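See below for the structure under consideration.
The values are calculated or read from the model by the stated rules, or taken from the named source; none is laboratory data. Predicted model, so just to flag it, every value in this text is computed and none were measured. Neighbour counts run over all protein chains shown; Cβ positions are idealised from the backbone, glycine included.
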Amino acid sequence: MATTSATMPKSPAVNYRAYPDESGHFGPYGGKFVPETLMPALEELEEVYLKALGDNDFMKELAYLQRTFVGRETPITYARRLSEHLGGAQIYLKREDLAHTGAHKINNALGQALLMKRKMGKTRIVAETGAGQHGVATATVAALLGIECVVYMGTVDMARQEPNVFRMRLLGTDVRGVESGSKTLKDAINEAIRDWVTNVQTTHYLLGSALGPHPYPAMVRDFQSVIGREALYQMRDSEDGPKRLPDAIVACVGGGSNAIGIFHPFLEYEQIRLIGVEAGGHGIESGEHAARFADPDKGRLGVLQGTKSFVLQDHDGQIALTHSISAGLDYASVGPEHAFLRDLGRTEYTYCTDDQAMEGFKLLCHLEGIIPALESSHAVGYVMQLAPQMAKDQIILLNLSGRGDKDLGTVMQTLGNIEKKDEG
């Protein structure tokens, strides 16, 4: 394959490593917007986290558990048949679907739980979940480390992710259904925060995405950056890779943890396009979507659940209802670092509709023998559009953030509805 200037980083116009600043801001985004009772907990979390980064014993234990419990490093896979079918760029997959529990969520859950157990002296975890993968990852590490765990989940998500609810309970976690609001991820976060406020002395809130008040966006990013660090080495230096870096990296974006995890180690390689794919739902014009950047009418600066970022809002400034076939992308806001990097022009954001994501889902199943999560299927759906526009000697790295076992009920129902329409 052709060589590329992307094998060496440029001197960037912006020092990406300088963010967030000391106040927890990425430019105008981020910060801490929480009740006063939570400020001491956030300050404690920031202090112990920054110390842990320089603690060799903590980092060695984390690396040991990543290898022996999570199964890292996850491989990259050359998607030969998919590349040939699309007829353009060569496509490689970063296989986070092969991590223990089936998604990238275990990286952050393990890091935070170990931090809490070894450094904070708290005895209880609360967490939120949408697609259930963060909940399963949190329940898993709580069982591993012997920590009491409560997970809040919207009842709409519980119905469409029933296997993950069972898995969490099997692992000894108390799963509490949330009936308020849209009964999805936003409402689960609200309930988890209420629990945290009530029990802040004994409880750590294990937030699952690169969202929330500082230091969560930076901390989650750093725990997830293992994805990008591995991918950088694997693409350029390992026997399994193409011996060069990609021309584009594509990842789905809900809150944004899997995307920022793979993007962050590549930020200085400014020749590489970094592309996030949001949930287009039934289309932007329908209003039934979760594409914060793509909707000029609803997507604008706002504060939601502790941080300032792009938020889908109605004309009165109330949080808009969202829709996605994938529970993990069904959220009204996006991580503040994504908003900042978009402003800088370093990252790009697009969207895939439910139908396009389903096409990506089916194509990866049929051509590569891999059943992807519906979240990841949005990235596959966009790569179906992008790859044919690129030359055959160019490379796309797609972050396959999770596997699709959890989504088979939704897929069976959706495909059944499609077949009924075709018969009609």
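Just to check your reading of the model, which residue among 357, 339 is small (Gly, Ala, Ser) and more than 25 Å from residue 395 (Cβ to Cβ)?
From the options 357, 339, the qualifying one is 339.
Going residue by residue through the stretch 19-28, is there one that turns out to be on the phi > 0 side of the Ramachandran plot and of a type in the set (Gly, Ala, Ser)? First the steps, then the outcome.
First, the residues of the stretch 19-28 that are on the phi > 0 side of the Ramachandran plot: 24, 27.
The next check asks that each one be of a type in the set (Gly, Ala, Ser); those that pass are 24, 27.
Yes, some residue in the stretch 19-28 is on the phi > 0 side of the Ramachandran plot and of a type in the set (Gly, Ala, Ser).
Applying the selection to the stretch 371-394, what residues are of a type in the set (A, V, I, L, M, F, W, C) and surrounded by 15 or more Cβ atoms within 10 Å (Cβ to Cβ)?
371, 373, 374, 379, 380, 383, 384, 386, 387, 390
Quick check on the stretch 7-19. Is at least one of its residues in a loop (DSSP other than H, G, I, E, B), modelled with pLDDT of 95 or more, closer than 24 Å to residue 303 by Cβ and under 24 Å from the mean Cα position of the chain (by Cα)?
Yes: one or more hits.
State whether one or more residues within the stretch 158-174 are closer than 20 Å to residue 324 by Cβ, in contact (Cβ under 8 Å) with a residue 60 or more places away in the chain and either in a loop (DSSP other than H, G, I, E, B) or in contact with a Pro (Cβ under 9 Å, 6 or more places away or on another chain) (or both).
Yes, the stretch 158-174 has at least one match.
Residue 200 versus (1) among the aliphatic types (A, V, I, L, M); (2) over 16 Å from residue 103 (Cα atoms); (3) in contact (Cβ under 8 Å) with a residue 60 or more places away in the chain; (4) assigned to a helix (DSSP H, G or I): which is the lone unmet condition?
Answer for residue 200: the failing condition is (4).
Of the residues 82, 93, only one is modelled with pLDDT of 95 or more and part of a helix (DSSP H, G or I); which?
82
Any idea which residue in the stretch 350-370 is farthest from residue 305 (Cα to Cα), counting only those that are surrounded by fewer than 22 Cβ atoms within 10 Å (Cβ to Cβ) and in contact with a Phe, Trp or Tyr (Cβ under 8 Å, 6 or more places away or on another chain)?
356
For the stretch 91-102, enumerate the residues that are under 16 Å from residue 379 (Cα atoms) and either touching a helix residue (DSSP H, G or I) at 6+ places or on another chain (Cβ under 6 Å) or of a type in the set (Ser, Thr, Tyr) (or both).
91, 92, 94 - these are the residues of the stretch 91-102 that are under 16 Å from residue 379 (Cα atoms) and either touching a helix residue (DSSP H, G or I) at 6+ places or on another chain (Cβ under 6 Å) or of a type in the set (Ser, Thr, Tyr) (or both).
Quick one: in the stretch 137-190, of everything that is charged (D, E, K, R) and modelled with pLDDT under 95, which residue is nearest to the chain's Cα centre (by Cα)?
The qualifying residue nearest to the chain's Cα centre (by Cα) is 186.
Given 280, 255, which one is small (Gly, Ala, Ser) and touching a Cys at 6+ places or on another chain (Cβ under 6 Å)? Outline the logic, then answer.
On the way: 255 fails: touching a Cys at 6+ places or on another chain (Cβ under 6 Å).
Going through 280, 255 in turn, the sole match is 280.
Please go through the stretch 172-215 and give me each residue that is within 22 Å of residue 116 (Cβ to Cβ) and among the small types (Gly, Ala, Ser), ordered by number.
Those that are within 22 Å of residue 116 (Cβ to Cβ) and among the small types (Gly, Ala, Ser): 172, 188, 192, 208, 209, 210, 212.
What residue, among those in the stretch 281-298 that are buried (at least 24 other Cβ atoms within 10 Å of the Cβ) and out of contact with any helix residue (DSSP H, G or I) (no Cβ under 7 Å at 6 or more places or on another chain), is farthest from residue 311 (Cα to Cα)?
Step by step, filter the stretch 281-298, then rank; the result is 289.
Are there any strands (runs of 3 or more DSSP E) wholly within the stretch 290-405 with 2 or more residues that are without any contact (Cβ under 8 Å) to a residue 60 or more places away in the chain and of a type outside the set (Asp, Glu), and if so which?
Output list reads 299-304, 307-312.
Condition first: among the small types (Gly, Ala, Ser) and either within 17 Å of residue 304 (Cβ to Cβ) or assigned to a helix (DSSP H, G or I) (or both). Now tell me which residues in the stretch 28-58 satisfy that.
30, 31, 41, 52
Can you tell me which residue within the stretch 326-353, out of those that are of a type in the set (S, T, N, Q) and over 15 Å from the mean Cα position of the chain (by Cα), is farthest from residue 209 (Cα to Cα)?
Across the stretch 326-353, the extreme among qualifying residues is 353.
When you scan the stretch 207-229, do you find a residue that is charged (D, E, K, R), at pLDDT 95 or above, touching a helix residue (DSSP H, G or I) at 6+ places or on another chain (Cβ under 6 Å) and under 30 Å from residue 29 (Cα atoms), even just one? Talk me through it step by step, then tell me what you get.
The first filter runs over the stretch 207-229 and keeps only residues charged (D, E, K, R), leaving 221-222, 229.
Narrowing further to those that are at pLDDT 95 or above: 221-222, 229.
Keeping just the survivors that are touching a helix residue (DSSP H, G or I) at 6+ places or on another chain (Cβ under 6 Å) gives 221, 229.
If we keep only those that are under 30 Å from residue 29 (Cα atoms) as well, we get 221, 229.
Among the residues of the stretch 207-229, at least one is charged (D, E, K, R), at pLDDT 95 or above, touching a helix residue (DSSP H, G or I) at 6+ places or on another chain (Cβ under 6 Å) and under 30 Å from residue 29 (Cα atoms), which makes the answer yes.
When the stretch 80-90 is examined, which residues are found to be farther than 14 Å from residue 394 by Cβ and in contact with a helix residue (DSSP H, G or I) (Cβ under 7 Å, 6 or more places away or on another chain)?
Step one: of the stretch 80-90, the residues farther than 14 Å from residue 394 by Cβ are 80-82, 84-85.
Of everything in the stretch 80-90, those that are farther than 14 Å from residue 394 by Cβ and in contact with a helix residue (DSSP H, G or I) (Cβ under 7 Å, 6 or more places away or on another chain) turn out to be 81, 82, 85.
Applying the selection to the stretch 175-185, what residues are buried (at least 24 other Cβ atoms within 10 Å of the Cβ) and in contact (Cβ under 8 Å) with a residue 40 or more places away in the chain?
Result: 184, 185.
Restricting to the stretch 125-154, what's the tally of residues that are in contact with an Asp or Glu (Cβ under 9 Å, 6 or more places away or on another chain), crowded, with 17+ Cβ neighbours inside 10 Å and under 18 Å from residue 198 (Cβ atoms)?
7
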